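Before any comments, here is the structure.
The values are calculated or read from the model by the stated rules, or taken from the named source; none is laboratory data. Nothing here was measured: the structure is a model prediction, and the numbers come from that model. Note: ideal-geometry Cβ built from the backbone for every residue, glycine included; neighbour counts use all protein chains shown. Accessible surface is based on the protein model in full, side chains and every heavy atom, while ligands, DNA and RNA are left aside. Shrake-Rupley method; radii C 1.70, N 1.55, O 1.52, S 1.80 Å.
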Amino acid sequence: IFNDISEIRNVERMKSAFVATVSHELRTPLTGIKGFISTLLSDTEGFFDDEARHEFYTIIDQECDRLTRLISDLLNVSAIESGRALEINYTPVDPTSLIEKTVSVQRSYTDKHELRVEIPERLPRIMADEEKLEKILTNLMNNATKYSPHGGEVVVRAVREGDFIKIAVRDQGIGVPEDKQTKIFERFERVDTRDTREAGGAGIGLFLVKHMVEAHGGTIGVESEVGKGSTFTFSIPVEPKRTAAGGGGSA
């Protein structure tokens, strides 16, 4: 009796790489936090002025946020793999304001990219989980800037198409090879190039994005050309079927 264990071995290999990557992703912000706190604690003579101290505190705060996001992502991956669906807390959401707010926050993290919003007409309010929609947008925009190491333009465009709001994030980055354009939404999957290795990442962001979009009853996909950039597009229903049928609250 012969059993093909190629897929099992491949998953094991990806998990091993994932553990190594996550260890690195955890160690990086912890090293920064420890370094800046040690520096501040050792400054007993007031060598650093208030401006320098504020800069240190800002970096520590950002690194703590980075750790929190990673831990939250890991918990969500664990929930999905154990068969538990992501909980969706439906509330009325103004997608125009959400997009503008998210883009404004992302502008503070980069000085190499031009971030633009294109919304031809005011979008209707939708029933969705605002926190998860913000995570979806934040992840896609983080990727857009992270994988555009030489800068360039990042455009977020949103339109209404029938019963859906369609949002696209377009960059001018390194792009995704055609054979990876469906696989990058799988867990532990990353495009392995020198640029992606330098950019870092745990390989679970797009996996979670896909599940958060699908939990809303939407779809996501990517169009990309290596060396010219990528466009990630997702659609969210204006009103979920369960809400339209009279339901409410959490899924």
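A few remarks follow.
- Looking at region 63-108, the accessible area is 53 square angstrom per residue; that uses a 1.4 Å probe and ignores ligands, DNA and RNA.
- Members of LYS34/LYS101; LYS132/LYS241; LYS101/LYS180 lying beyond 26 Å, as alpha-carbon distances in this model show: LYS34/LYS101; LYS101/LYS180
- Summarising the label geometry, the points placed 7 Å from Cα in the beta-carbon direction at SER108 and GLU186 lie 3.8 nm from one another.
- Around the amide H of VAL226, modelled in the peptide plane, lie the amide H atoms of VAL176, all under 5 Å away and 5 or more residues distant in sequence or on another chain.
- HIS211 contributes about 60 Å² of solvent-accessible surface, heavy atoms of the protein only, 1.4 Å probe.
- Accessible surface of region 13-167, 1.4 Å probe, proportion on carbon and sulfur as whole %: 53
- 13 Å reach of a label modelled at VAL117, 7 Å along Cα-to-Cβ, counting backbone N of region 84-105: 94-105
- Phi angles across region 122-139 convert, under the Karplus curve 6.51 cos²θ - 1.76 cosθ + 1.60 with θ = phi - 60°, into 3J(HN,Hα) values of 4, 7, x, 5, 10, 9, 7, 8, 4, 4, 6, 4, 5, 5, 4, 5, 4, 4 Hz, Gly and Pro given as x.
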